[in-house]
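All remarks here apply to the structure that follows.
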Amino acid sequence: MATSAQRMGTADTLRAHPAYQAYQILHVGFTVAPLLAGLDKFFHFLVNWDMYVAPSIARMLPMSVHGFMLLVGVIEVLAGVVVAIRPRIGAYVVAAWLAGIILDLLLVGGYGDVALRDFGLLLGALSLGRLATAKERGQLPS
């Protein structure tokens, strides 16, 4: 029979596992980043987000670009909350969202560097989804 000290040692060892640490880093990152980006759509501390909407998309919108970006902000905040609560699902929501952002940036033109960065983020979100699946299956520590 294992003592409480031995059980504690086992839990600490599992938490020190690189895959678990990668999961934790991605979980926190993909919770915080969409929350901050979404909130900034309302305050423009980082950038004027309206400039990132492709003109071809802006023409199809039933509202102003700014109104659309406020809606985008709400969706991003919700995506961050979903990642926080259900990372396996939220990770794929964020990955799909990033794919849409990449497409928009390529349509705008001149933001290939940002699109490439967002592609890296998309890969990170997909990785979080896979790690969250492993965690739910008990293949990573809880």
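Since every read-out is calculated from the coordinates, none of them should be taken as a lab result. Note that the coordinates shown come from a computational prediction; the quantities given were computed from them, not determined experimentally. All Cβ positions, even for glycine, are placed from backbone atoms using ideal geometry, and neighbour counts span all protein chains on display.
Can you tell me the dipole magnitude for the stretch 15-142 around its Cα centre, using point charges on the Cβ only (Lys, Arg +1; Asp, Glu -1), in Debye to the nearest 20?
Values: 9 positive and 7 negative charges, 107 e Å.
So the magnitude is around 520 debye.
What length, rounded to one decimal in nm, is gained on full extension from V47 through to D113, with 0.36 nm per residue of separation minus their alpha-carbon distance? Intermediate values should be presented prior to the final figure.
Working: separation 66, 0.36 × 66 = 23.76 nm, distance 1.60 nm.
Separation in residues times 0.36 nm, less the Cα-Cα distance, equals 22.2 nm.
Based on the Cβ-Cβ distance from L71 to L106, what FRET efficiency comes out when R0 is 25 Å, to the nearest 0.05?
Numbers: r = 21 Å, r/R0 = 0.85.
The value I calculate is 0.70.
Taking the Cα centre of the chain as the origin and placing charges on Cβ (Lys, Arg +1; Asp, Glu -1), which of A134, V74, V108 is farthest toward the positive end of the dipole?
A134
Evaluate the distance, in nm, between pseudo-label points positioned 7 Å from the Cα of V81 and of L36 along their respective Cα→Cβ axes.
Taking the two extended label points, one gets 2.1 nm.
Defining a contact as two alpha carbons under 8 Å apart and six or more residues distant in sequence, what relative contact order in percent does the chain show?
Working: 147 pairs, mean separation 40.4, N = 142.
That works out to 28 percent.
Count the net charge of all other residues whose Cβ sits under 14 Å from the Cβ of H66, scoring Lys and Arg as +1 and Asp and Glu as -1.
Numbers: positive: K41; negative: D40, D50.
Its environment carries a net charge of -1.
Show me the helices of the chain, taken as full DSSP H stretches, that run 24 Å or more along their long axis by Cα and average -1.0 or above in Kyte-Doolittle hydropathy.
Once both thresholds are applied, what remains is 18-43, 65-85, 87-108, 112-136.
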